[in-house]
């Protein structure tokens, strides 16, 4: 096994990983950065984010308002110190991107434009047409090319973290083109490996979003936090689940049921707003959890449209006009035409809620630190408790910038303090263990389970049990199924024995990671006997601040189900209140 | 030389391409008329001499001929490379050489008129 | 939902077993709304798990799944099955790149070239963040916006005959991105980028076949960027000739 | 080892229609060059005097030359059409925020070209 010594190892080269790497490289040119990712940076899923990134820039806005929107949007499960830090840093980070060349859409006077977004009281979402994530990712990637101290390891699949003397000291990763394992020895490790939406059958997430980093940390003893909070985006394109940005509604698109009726007014988000005049925090500009839940109720009432790809409602943008759509939502138009055969200029687009984002993730604090020293996490893989029980659209892109920079600062400070020799024999032993695990997986024969088969059973079970609405019974069933699938996972056999780009192997490793995380989702949801944000229980319909104004922590217990603990929420100035999206929130 | 001054040769190629696109078709038509015996007035010796005697005429003729030659030399060079002839050095020297000689000759002739 | 029968002929190559690539045929009953990528995924999940290829977003934005489909470079996730209904479809790795394994090609060359053209904002003096954004009018933005849309899928390299003949050529996507920064009102790096672009293997190997633009699944028009780049490079060359080289 | 597929250095342009068209465009240069040489010859003949010029005109009328002239003329027209067609790519024009459509730029070139040609024909005494 090849040994690579570096100062900071970063796993994942999407928005969070690149921001972290640049921050380290710019302020500490004497430190070596290893940027390890299973895909080339520009393939990372940040590229699929569409709507934009929130940050206070306009004179009519304030940090206070952004704070309140975020905390209320998260149903008070947010850590308010984190939110405060975040809203403060957000504008600086977005400006930094502007200086790096991000092609933000502009106002006629040349200043950066903002658009309305769901759950936000004021227009504050910076956008680059409807390809904001794409432009952020490419701006960061291209900017990273000027940093000579960032050494990229593209297409290196991380297997496990290396822990010694109570701290994280590196990672083992496989060079995908050769099958060779590399031991990265680092003074600090930052995980930026993205979410795990592929656990679900119908998701906006790309194939790579399998929670590898989260699972690595979980296995290494870091608890996951709030994994039961899974965001359904209300407007996924029917059939494929491709994301149609919240910007569609920000620009004035409306949701209609099979009768053409704007059904959101029946679910506490009315009164109906005039067509083409969206009102912030009302109707279509309510938060994602509420909109997705409204769809579910419409479905129960038989007001949705049955199609071969499941029930749907309509996202109607026909009143926006071709020019406006082409300028502000060109990708949405292109995607609708290619993947649904519907031109939004002329016809309403069929949509349904789709799994989009994991609010939960690796347990981190305001410093992006995990409980294990030397290990940091940023972005969707992490849970700094910025997003609470429901993330507001356009906070996640900003999050990975703000906390990428913060993680870099803290990882550097930590790394500079590590003067003692690394415990090389212990690290070597662990690396060998990881190698043995992979080798066994490849060489094992006689298995009867298929990767695709287990994967679809997992996905189906999660959707049935841990979907938009949950009950004790369905969750228990899902917990049982996932536990069973974890056992059956031992029975898979790889047909591909090649060392070169063995995607059979990578899919097997990804499935293993997803199964572990699926269990934290289901077990966390089963234990949380209340409804809050995206976690809605039909058997416990009310929010229960007495018992559950707490973060769920799930700790790895080997082959057993995780241990569930709770952790206090940080509340500084906003006491839990009512989430009001009824147009009264003016 | 050919490698270093790509910008120079490309600018001559591009200018020549544009100029020939505007000018060559009509000149070729006139030539074709003459070749078929319907010699247009302008193709008479005196008229031609008159045309090329003034400085504007000289400049136009010089520009057209020389830029067309550089355009053709440069484009033929890439075409021959594309056709598989791997002798870029020789092709360049010969092609640009002809263009250079043509440029000098046209200047020499025009000065004499 | 009706079905579309496809016969996929997929080029297979495992360097540990094969001397050279060979075609393997798979019959796939496709749903009519599928893309070619869905058909390939079906093969991977249900028929032959040893098939290797790259893919992720399934929405034509990550740029992973570029491959030759019936001889044309395309994103598999954007090529509709119904356009190939009831036919044999040949699927090969992107042309002009070495085959690493099956449909996976080696992309290191592009990554190196992209870095060479300095695709980032270069300023003589950085403006402090506290002073806010650089003003940029919608017209200034539009001047280069189109060229920011490149997803680096490399279909243009697979379409470019000059890249095939002269692998040193920096190529369409990388040069289009160089032009994107040159044309950005915030940038002052033209002269610096010029050093790379004006080399023989820089912009000059482009013979303007326009095939890159025809292939581009995002309608970026790299051919246009490269011709504009030739003009700016020429102007810059003459400027430097008379000693006025700085942008 | 990664496998490098062979590329034909001599026949690649036959593989794809767009490549073939490109090669044809490149080869127009042969006739553009020949016609430029013909012009040079003509200028030389004018410089040498009336006899030389008459001889030049006589040569133009020879059968072989006639064929060559016809082909050259056709190719030169093709060159002009193809050249103007792609000018919007090399020289896009932005008016205010919007780009002038490529068809307008190419169209303007065609109009100027045709008007210019008609004026020349008129001055040359063809009409």
Practice item. Take every residue in peptide A:320-332, count the Cβ atoms of other chains within 10 Å of its Cβ, and give the average of those counts. Key: 1
Review point. Per residue of chain B, what 222 nm ellipticity follows from adding -39500 (n - 2.57) for every DSSP H run with n ≥ 4, rounded to the nearest 500?
Key: -28500 deg cm²/dmol
Point to revise | All-pairs Cα distance distribution in the range A:113-179, expressed in whole percent, bin size 5 Å | key: 4, 12, 11, 12, 14, 14, 9, 12, 9, 3, 0
**Study point:** Taking the C-alpha atoms of the range A:196-238, convex hull volume expressed per residue in Å³
**Key:** 72
Point to revise | Average other protein chain Cβ within 10 Å of Cβ, residues B:37-44 | key: 4
Review point. Taking 0.36 nm per residue of separation and subtracting the Cα-Cα distance, what length does fully extending residue A:323 through residue A:444 add?
Key: 37.7 nm
Point to revise | Label zone at residue C:19, where the point sits 7 Å out along the Cα-to-Cβ direction: the range C:98-119 residues whose backbone N lies under 20 Å | key: C:99-102
Check your understanding: Over what distance in Å are the Cα centres of the range C:1-57 and the range A:281-347 separated?
Key -> 32
Practice item. Can you tell me the 0 to 90 degree angle between the C-alpha axis of helix A:15-27 and the longest principal axis of chain A, rounded to 10? Key: 60
**Study point:** Amide N of the range A:469-502 lying under 17 Å from the label point, which is placed 7 angstrom from the Cα of residue A:547 along Cα→Cβ
**Key:** A:470-476
Review point. Once the range A:69-180 is represented by equal point scatterers at the alpha-carbon sites, with solvent omitted, what log10 I(q)/I(0) does the Debye formula produce at q = 0.18, 0.19, 0.21 Å⁻¹?
Key: -1.07, -1.09, -1.14
Point to revise | Computed over the range C:3-105, Kirkwood Rh from alpha-carbon pairs, angstrom | key: 13.5
Review point. Given the Cα atoms of the range B:1-51, and with Rh set as the inverse mean 1/r over their pairs in the Kirkwood sense, what is Rg to Rh to two decimals?
Key: 1.24
Exercise for review: Bin width 5 Å, alpha-carbon pairs only: give the P(r) of the range A:406-492 as whole percents, running from 0 to the bin holding the largest distance.
Suggested key: 3, 11, 12, 11, 11, 10, 10, 14, 13, 6, 1
Check your understanding: What is the helix-to-structure angle for B:55-82, meaning the angle in degrees between its Cα long axis and the longest Cα principal axis of chain B, kept from 0 to 90 and rounded to the nearest 10?
Key -> 30
Point to revise | Helix-derived mean residue ellipticity, 222 nm - over chain A, DSSP H n ≥ 4, -39500 (n - 2.57), to 500 | key: -11500 deg cm²/dmol
**Study point:** Dmax and Rg, reported as Rg then Dmax, of the range A:158-279 (C-alpha, Å)
**Key:** 21.5, 64
Review point. Averaged over all directions, how much area does the convex hull of the C-alpha atoms of chain C cover when projected, in nm²?
Key: 16.5
Point to revise | the range B:65-105: radius of gyration over Cα atoms, expressed as a fraction of 2.2 N^0.38 Å | key: 1.12
Revision key, fill the gap. Stokes-Einstein, Kirkwood over Cα pairs, the range A:352-486, 37 °C, 0.692 mPa s; D in µm²/s equals 176
**Study point:** Relative frequency of Cα-Cα separations exceeding 13 Å in the range D:13-86, percent
**Key:** 71
Review point. When the Kirkwood hydrodynamic radius is evaluated over all pairs of different C-alpha atoms of chain A, what value in angstrom, to one decimal, is obtained?
Key: 23.8
Check your understanding: Over all residues in A:350-359, what is the mean tally of Cβ atoms on other chains that come within 10 Å of each residue's Cβ?
Key -> 0
Exercise for review: Take residue B:104, project a point 7 Å from its Cα along the Cβ direction, then tell me which residues of the range B:57-73 have their backbone nitrogen under 16 Å from it.
Suggested key: B:66, B:70
Practice item. Kindly provide the helix-only [θ] at 222 nm of chain C, computed as the sum of -39,500 (n - 2.57) over DSSP H runs of four or more divided by all residues, to the nearest 500 deg cm²/dmol? Key: -9000 deg cm²/dmol
Exercise for review: Note down the Stokes-Einstein diffusion coefficient of the protein assembly as shown in µm²/s, whole number, using a Kirkwood radius over alpha carbon pairs, 20 °C, and 1.002 mPa s.
Suggested key: 68
**Study point:** Base-10 log of normalised Debye intensity for the range C:130-229 (one unit scatterer per alpha-carbon) at q = 0.11 Å⁻¹
**Key:** -0.33
Review point. Per Stokes-Einstein, at 4 °C and 1.567 mPa s, what whole-number D in µm² s⁻¹ belongs to the range A:429-543, with the Kirkwood radius over Cα pairs as the hydrodynamic radius?
Key: 84
Practice item. On a C-alpha basis, how far is the centre of the range A:441-479 from the centre of the range B:39-62 in Å? Whole number, if you could? Key: 88
Point to revise | Inverse of mean 1/r across different Cα pairs in the range B:9-112, Kirkwood, Å | key: 15.1
Exercise for review: Using only Cα atoms, locate the centre of the range A:182-219 and the centre of the range A:33-87, then give the distance between them in Å, rounded to an integer.
Suggested key: 19
Practice item. Please express the Cα-Cα pair-distance distribution P(r) of the range A:234-355 as a list of whole percents, one per 10 Å bin, running from 0 to the bin with the greatest distance. Key: 14, 51, 32, 3
Check your understanding: With axes computed from alpha carbons, what is the tilt in degrees of helix A:503-527 against the longest principal axis of chain A, rounded to the nearest 10 within 0 to 90?
Key -> 60
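Each reported figure results from applying straightforward, stated rules to the coordinates on display, with no laboratory input. What you see is a predicted model; the values in this text were computed from it and never measured. We place every Cβ from the backbone using ideal geometry, glycine too, and count neighbours over all the protein chains shown.
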